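**Q** After the structure tokens below, expect a handful of questions from me.
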Amino acid sequence: MRRMGAAMAALVLAGSGVGAAATAAGAAPTAAAQATACPAGFGSGAKGGPTAGAVPLEDVRTGRHACFDRIVFDVPGGGRSIGYSVRYVQRLHQTASGRLIPVGGGAVLDVRVGAPSYDPATGTPTYPGRVGRTLPGVRLTGYRTFRDTRFAGSFEGETQIGLGVRARLPFRVIQLPGRLVIDVAHNW
């Protein structure tokens, strides 16, 4: 009789431990998924429209977030309607010349911002990018999605950048006062 009572107690205790572990394991993925859930508005199709502008680009910077990597184009005085075009391409070709500009990564975003990298009135450079080279001051070490950046030039009020990413991943574009923001998700 004692053996049966001890066996029953062991089974009850083991069963409650398994139930608690199953509950904790079931809750863990939900908590992790909530922590890295991307906001709405991401997709991999081309985005944008007319890109020519007269307010100069002053800086390009990047940042890492839980769900995406971000690149920001600073155009002080550009308002909330900075023109842009962002799309995936097989290879990056410079707008003015058609010159191929190699960009590292599993996929390439051709980013065109309606802001020249020079002052249109004087021709003085406002952003120090050099064609075919990585973006000045941008370091991508430790980024989950971004792999490479290349300055493709500035022509007729438009600056072109190649953004190499790990794979063809969804992205979104946000227009803010004086800034254009592109977020590329870490995964689908």
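**Q** Can you give the FRET efficiency for ASN187 and PHE155, using 1/(1 + (r/R0)^6), R0 = 30 Å, r = Cβ-Cβ distance, to the nearest 0.05?
**A** Efficiency at R0 = 30 Å is approximately 0.30.
**Q** Right, another one. How do 40-49, 80-89, 122-131 rank on mean C-beta neighbours within 10 Å, highest first?
**A** 80-89, 122-131, 40-49
**Q** What net charge do the residues around TYR143 carry, taking every other residue with its C-beta under 14 Å from that of TYR143, with Lys and Arg at +1 and Asp and Glu at -1?
**A** Its environment carries a net charge of +4.
**Q** Using the basic label-point model (7 angstrom from Cα toward the beta carbon), what is the GLN175 to SER81 distance in nanometres?
**A** Each label point lies 7 Å from its Cα, and together they span 0.7 nm.
**Q** At R0 = 30 Å, how high is the FRET efficiency between GLU58 and GLN90 if r is their beta carbon distance? Nearest 0.05 is fine.
**A** The calculated FRET efficiency here is 0.45.
**Q** Let me ask something else. Defining a contact as two alpha carbons under 8 Å apart and six or more residues distant in sequence, what relative contact order in percent does the range 70-188 show?
**A** Relative contact order for the range 70-188 comes out at 34 percent.
**Q** A further question follows. What does the net charge come to around GLY114 if you take all other residues with beta carbon closer than 11 Å to its beta carbon, with K and R at +1 and D and E at -1?
**A** -1
**Q** A follow-up question, please. With every protein chain left in place, what is the accessible area of HIS93 in Å² (1.4 Å probe, nearest 10)?
**A** Counting only protein heavy atoms, HIS93 exposes about 80 Å² to solvent.
**Q** Extension gain LYS47-THR124, at 0.36 nm per residue separation less the Cα-Cα distance, in nm?
**A** 24.7 nm
The values are calculated or read from the model by the stated rules, or taken from the named source; none is laboratory data. What you see is a predicted model; the values in this text were computed from it and never measured. When we count neighbours, we look across all protein chains shown, and the Cβ atoms used for this are built from the backbone with ideal geometry, even at glycine. Each accessible area value is taken on the protein alone, full model and side chains, heavy atoms only, with ligands, DNA and RNA left out. Shrake-Rupley method; radii C 1.70, N 1.55, O 1.52, S 1.80 Å.
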